[in-house]
Amino acid sequence: MAHANARLTVHGRLLLVRRVLSGHKPGEVAKQLGVSRQTVYKWVRRYLAEGLAGLADRSSRPHMSPRALSAETTARIVSLRLALHAGPIRIAAALGLVASTVGAVIRREGLPHLADLDRITGEVIRASRRSNVRYEHREPGSLLHVDVKKLGRIPDGGGWRIHGQDTKLHRTSRQGWDYVHVAVDDHSRVAYVEILPDETGETCAQFLHRAAVWFRDLGVIIRRVLTDNAWAYRRSAAWAAVCSALQIRRRFTKPGCPWTNGKAERLNRTLQTEWAYSKAWTSNADRAAALAPWVAHYNTERAHTSLGGRTPISRLAA
């Protein structure tokens, strides 16, 4: 393919060669066609060596690329992308590469955008963001996003992911729910998570109190809390009392607009893909025991895309 600003097409190069070979001086031909004498000599030389084929467009790719990624590294990038459904920043952090390099490999290999994937199964789906407006509070503690994610409890010996959906165990077992309460700081993305037996107003209020104490130990004073419009947040006297005692101003999402609390929703999805559904657990206790180490990894080790590859705790320290 010819360059966008190329002076000569294949027909122009043939005209150049014919004029030189008919006796015109290279300098005169260069002026007539608006190119340099070096260009004239180049096309004449290629024509004499290769004929008309020598005048065809050629790739500008260098003959040698000593710093190009190896096939092995490219395969590792693709493998991590398919296994983790992660973005370039996380993959780059895991492999010790530059995020732009990882992104170039992902595009070159034709892998779909994360926005087009089901983040659990990796299947391509039709999806679009409901809003492109992003916001971030300037200081830690200025806004705390709180939400609850319900997860089905796992029977001892494993659930349907191990035994299959058609097993008698799966059809007859009713284990109930785990309620995963999450709190994430808007500025730093530092997260506090607990598994609790329900989502009543009293339970949610106690969770907020423990979260506020935990953040205070990190030097962060919570001033506002954002939740959805669930009864436990909107109507509970216990929730209102804790917010009043801690001098935390309550904020609620617009009905029907869950993306307003997007940072908590995004943490919920990350919890599902990287912890809750990351493997086939053999018991509910095993999955619950793995939560605290994962949250510590999320806060202190995991590269965060929205933070430019930094960890949440590093931004809090800054």
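Just so it is clear, none of the values below were taken in a lab; they were calculated from the coordinates. Quick caveat: nothing in here was measured; it's all calculated off a predicted structure. Cβ coordinates were reconstructed from backbone atoms using ideal geometry, including for glycine residues, and neighbour counts include every protein chain displayed.
Observations on the model:
- Antiparallel %, DSSP beta bridges [both residues in the chain], to 5: 75
- Neighbour counts of other Cβ atoms within 10 Å put 243, 257 in the fewest-to-most order 257, 243.
- Applied to segment 181-191, the Karplus parametrisation 6.51 cos²θ - 1.76 cosθ + 1.60 on θ = phi - 60° returns per-residue 3J(HN,Hα) values of 8, 10, 9, 10, 6, 4, 6, 9, 6, 5, 10 Hz, with x for Gly and Pro.
- Estimated distance in nm for a label pair at residue 240 and residue 123, the labels positioned 7 Å out from Cα along Cα-to-Cβ: 4.5
- Tilt relative to the chain, helix 99-108 - C-alpha long axis, 0 to 90 degrees, to 10: 70
- Spin-label model, residue 41/residue 70: points 7 Å from Cα along the beta carbon direction are separated by 4.2 nm.
- Rounded to the nearest 10 degrees, the inclination of helix 262-271 to the longest alpha-carbon principal axis of the chain is 90 degrees.
- As a proxy for reagent exposure, ranking 283, 59, 244 by other Cβ atoms within 10 Å from fewest up yields 59, 244, 283.
- Restricting attention to the chain, the count of lysine pairs at 8 or more positions apart or across chains with alpha carbons under 18 Å apart stands at 6.
- Across all Cα atoms of segment 10-55, the radius of gyration (one decimal) and Dmax (whole number) stand at 9.3, 25 Å.
- Residue-by-residue Karplus 3J(HN,Hα) for segment 295-306, coefficients 6.51, -1.76, 1.60, Hz, glycine and proline x: 4, 4, 5, 4, 6, 10, 10, 6, 5, 9, 4, 5
- Size descriptors for segment 1-105, from the alpha-carbon set: Rg then Dmax equal 22.2, 66 Å.
- Relative intensity, log₁₀ I(q)/I(0), of segment 144-317 from a Debye sum that treats every alpha carbon as a point, q = 0.08, 0.09, 0.11, 0.16 Å⁻¹: -0.27, -0.34, -0.50, -0.99
- The chain: angle of helix 201-217 to the longest principal axis, Cα-based, in degrees nearest 10: 60
- Remark: the residue 6-residue 279 segment gains 92.8 nm on full extension, using 0.36 nm per residue and subtracting the alpha carbon distance.
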